[in-house]
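The structure appears right after this line, and notes come after that.
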Amino acid sequence: MKAVKYILILTIITSTFIGCKKGENDPFLSLKSRKARISGEWTMSSAESKSTDESGTMTSTYDGATQTNTFTPISGTNVISTTKITSDFTIDKNGTFKTVSTTTSTSGSTTVITTEGNWVFAGKSKNADLKKKEAILLSITSQTETGELGLSQTGTFMNDGILIIDRLKNKEMIIKYDESRDYVNNTNSNLNEKETRIGSMTFTQK
């Protein structure tokens, strides 16, 4: 009977915590709920991306301090640039979030963008191939951009978004994206173009 009880208890515990595994690379077991794991102050520690459109391909890598961009045009030589960036992401369990991104160019000019809004876990979506709570939905309520010269503007400069969480541990979160968009060429309104973007961002909890 004791063996049966132990098996039953183990089955209940395993069933409870396996349910927390949503992202493809989530830990097998966790003693914290998904909401508890995602809540807190995060800082971006690394990132990589690749975007392609009609003009060429841009690849970017980030090491926690410097972003290196390499643009490979359809014709011509590569263009390489670097930018100093810090990015903090605060997710509150009450359903609000805040991001603060500071960019410093090679000339020394600094731009700070602060974004605030609300967040919720996304539900299961068969069409999007998403499990319940595998992604979070961001609804932006305000955004402020302040430059080194004292210039500032407030408003919503970016659309609401969805973040797909590939891995969520107590101290690490990896977000991946794979998206595309069709748009009209600025110089030729009759020319439709397409852009694709793939990449990932790794955040470490403070």
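The values are calculated or read from the model by the stated rules, or taken from the named source; none is laboratory data. Please read these numbers as outputs of a predicted model, since none were measured by experiment. Reconstructed Cβ throughout: ideal geometry from the backbone, glycine too, with neighbour counts over all protein chains shown. Note: accessible area is taken over every heavy atom of the protein model, side chains too, but ligands, DNA and RNA are not part of it. Shrake-Rupley method; radii C 1.70, N 1.55, O 1.52, S 1.80 Å.
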Evaluate region 48-57: report whether one residue or more is outside any strand (DSSP E or B), modelled with pLDDT under 85, among the charged types (D, E, K, R) and over 22 Å from L163 (Cβ atoms). yes
Filter region 92-129 down to residues that are in a strand (DSSP E or B) and more than 24 Å from S46 (Cβ to Cβ) and give me whichever is least open to solvent (accessible area, probe 1.4 Å). G117
Taking only pairs six or more apart or across chains, which ones have beta-carbon atoms under 9 Å, a first residue in region 93-121 that is farther than 21 Å from I162 by Cβ and modelled with pLDDT of 95 or more, and a second residue that is open to solvent by less than 70 Å² (accessible area, probe 1.4 Å) and of a type in the set (D, E, K, R)? none
Which of the residues that make up region 150-193 are modelled with pLDDT of 80 or more and of a type in the set (K, R)? R167, K169, K171, K176
Test set (1) open to solvent by 40 Å² or more (accessible area, probe 1.4 Å); (2) at positive phi; (3) touching a residue at least 12 places away in the same chain (Cβ under 8 Å) - I80 fails condition number: (2)
Could you say whether any residue in region 69-91 is in a loop (DSSP other than H, G, I, E, B), within 22 Å of K206 (Cα to Cα) and charged (D, E, K, R)? no
Quick one: what pairs do we get from region 55-74, first residue closer than 14 Å to E195 by Cβ and open to solvent by 50 Å² or more (accessible area, probe 1.4 Å), second aliphatic (A, V, I, L, M) and in a strand (DSSP E or B), C-beta under 9 Å, 6+ apart or different chains? F71/M58; F71/V79; F71/I80
